[in-house]
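Visitor: Take this structure first; my questions come after.
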Amino acid sequence: MNYRSVMAVGRTRRITDPEEKDAALAALVEHIVPGRSAEVRAGDRRELAATAVLALLLDEVSAKVRTGDPKDEDEDEDYDLPYWAGVLPLALEPGPPVPDPLLKPGIPVPPHVTAWTRNGRRPRS
């Protein structure tokens with residue numbers, strides 16, 4: 001099986017300062033959709049109070065990645081069997097933007113949504 005795995009070890013700290021919480025949430029949004037936080041309203045006091053934000057102070061981090069063809073210790077015996085072997089690649093890709101049904105008519109999809117990419121992939125149309 002091919003995989004990507006990350007292990008992060010550290011202590012969490014709950015962010016309670018409203019300004020630090022705002023900055024952390026904005027950084028998260030900007031990481032996922034650059035430009036989005038400037039186009040939406042900030043959370044109000046009630047929403048921020050209902051949202052927990054944790055900082056993870058990292059002590060240790062490791063990553064493992066497995067790619068390539070299958071590996072089988074009993075390769076010679078298994079390849080004599082009449083069974084298919086290989087890799088089925090799976091991917092998580094963005095789909096086309098779907099507007100909120102309650103959105104006022106005439107509001108276009110902003111460029112940062114239509115041009116959004118992750119790892120160089122463009123949204124399907």
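The values are calculated or read from the model by the stated rules, or taken from the named source; none is laboratory data. Note that the structure is predicted; figures quoted are calculated from it, not measured. Every residue, glycine among them, receives a Cβ derived from its backbone with ideal geometry; neighbour counts consider all protein chains shown.
Visitor: In segment 1-22, which residues are surrounded by 13 or more Cβ atoms within 10 Å (Cβ to Cβ) and either in contact with a strand residue (DSSP E or B) (Cβ under 7 Å, 6 or more places away or on another chain) or of a type in the set (Gly, Ala, Ser) (or both)?
Guide: Answer for segment 1-22, where residues must be surrounded by 13 or more Cβ atoms within 10 Å (Cβ to Cβ) and either in contact with a strand residue (DSSP E or B) (Cβ under 7 Å, 6 or more places away or on another chain) or of a type in the set (Gly, Ala, Ser) (or both): ASN2, ILE15.
Visitor: I'm checking my understanding of the structure. Among residues of segment 104-114 that are surrounded by 11 or more Cβ atoms within 10 Å (Cβ to Cβ) and aliphatic (A, V, I, L, M), which one is modelled with the lowest pLDDT?
Guide: VAL113
Okay, residues lined up against (1) closer than 30 Å to MET1 by Cβ; (2) touching a helix residue (DSSP H, G or I) at 6+ places or on another chain (Cβ under 8 Å); (3) at pLDDT below 85:
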| site | (1), (2), (3) |
| --- | --- |
| ARG14 | no, no, no |
| ALA42 | no, yes, yes |
| SER62 | yes, no, no |
| PRO82 | yes, no, no |
| ALA91 | yes, no, yes |
| LEU102 | no, no, no |
| TRP116 | yes, no, yes |
| ARG124 | yes, no, yes |
